[in-house]
Amino acid sequence: MTKALLVIDVQNDYFTGGNQELVGMEYAASNVRRVLEHFRTANLPVFHVQHLAVQDGANFFVPHTKGCEINEEVQPNETEIVVTKNYPNSFRDTGLDEALKKAGITELVVVGAMTHMCIDTTVRAAFDLGYVNTVLSDACATRALDFKGWHIRAADVHVAFLAALQVPFATVITTSEYLNAA
């Protein structure tokens, strides 16, 4: 099995002061950085996904703004592929699947944001495409949600979606658990 790191939407608008701040994004990004350094040191492939909003009225990830840029904590280097997307699913209308297959990738280590949106939809799509997935729980972040008068705290959203992904879509572990086993 050939493994790659998939870094999804670690972009400025999700950080403090951005247009769509996530709870714990700085902490998640520090863990993304740790696993990114591991992949670079081991000379393993890294793919970054950058979301660009195209719908009218979008207020975050607007093209040509600082908010849509990949955060400096995890900036791609010259050997890493950056795939742009316009939907939560990183495979929809992108060349991601083709690029992964061309590189011989069969296993993905997934990190980034938002747990309940782009991480969830991408991991489920990757599973359907035949990839073996590992999600690093503390290298992902999300936000609180409201539904019909219910307020769901970000921590509850995060763990609920990770719990739903763990069988059968992915192995869900922490960054330290992953790095200690690597």
Log entry, pairs with first residue in the range 130-149 being without any contact (Cβ under 8 Å) to a residue 40 or more places away in the chain and among the hydrophobic types (A, V, I, L, M, F, W, C), second being surrounded by fewer than 20 Cβ atoms within 10 Å (Cβ to Cβ) and outside any loop (DSSP other than H, G, I, E, B), beta carbons closer than 6 Å, six or more apart or on different chains, reads Leu145/Ile152; Leu145/Val157
Going through (1) of a type outside the set (A, V, I, L, M, F, W, C); (2) within 14 Å of the chain's Cα centre (by Cα); (3) exposed (fewer than 13 other Cβ atoms within 10 Å of the Cβ) one by one, Thr16 fails only at (2)
In this structure, does Gly17 turn out to be in contact with a Phe, Trp or Tyr (Cβ under 7 Å, 6 or more places away or on another chain), more than 21 Å from Ala103 (Cα to Cα) and either assigned to a loop (DSSP other than H, G, I, E, B) or not polar (S, T, N, Q) (or both)?
no
When every residue in the range 122-160 that is surrounded by fewer than 17 Cβ atoms within 10 Å (Cβ to Cβ) and of a type in the set (Val, Ile, Thr) is compared, the one farthest from Asn12 (Cα to Cα) is Val132
Give the residues of the range 25-40 that are within 19 Å of Arg153 (Cα to Cα) and buried (at least 19 other Cβ atoms within 10 Å of the Cβ), sorted by residue number.
Met25, Ala28
Go through the range 41-60 and report how many residues are surrounded by fewer than 20 Cβ atoms within 10 Å (Cβ to Cβ), under 24 Å from Ala99 (Cα atoms) and either touching a Pro at 6+ places or on another chain (Cβ under 8 Å) or hydrophobic (A, V, I, L, M, F, W, C) (or both).
5
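Since every read-out is calculated from the coordinates, none of them should be taken as a lab result. Since we're looking at a predicted model, the values are computed, not measured. Note that each Cβ is placed from the backbone with ideal geometry, even for glycine, and that neighbours are counted across all protein chains shown.
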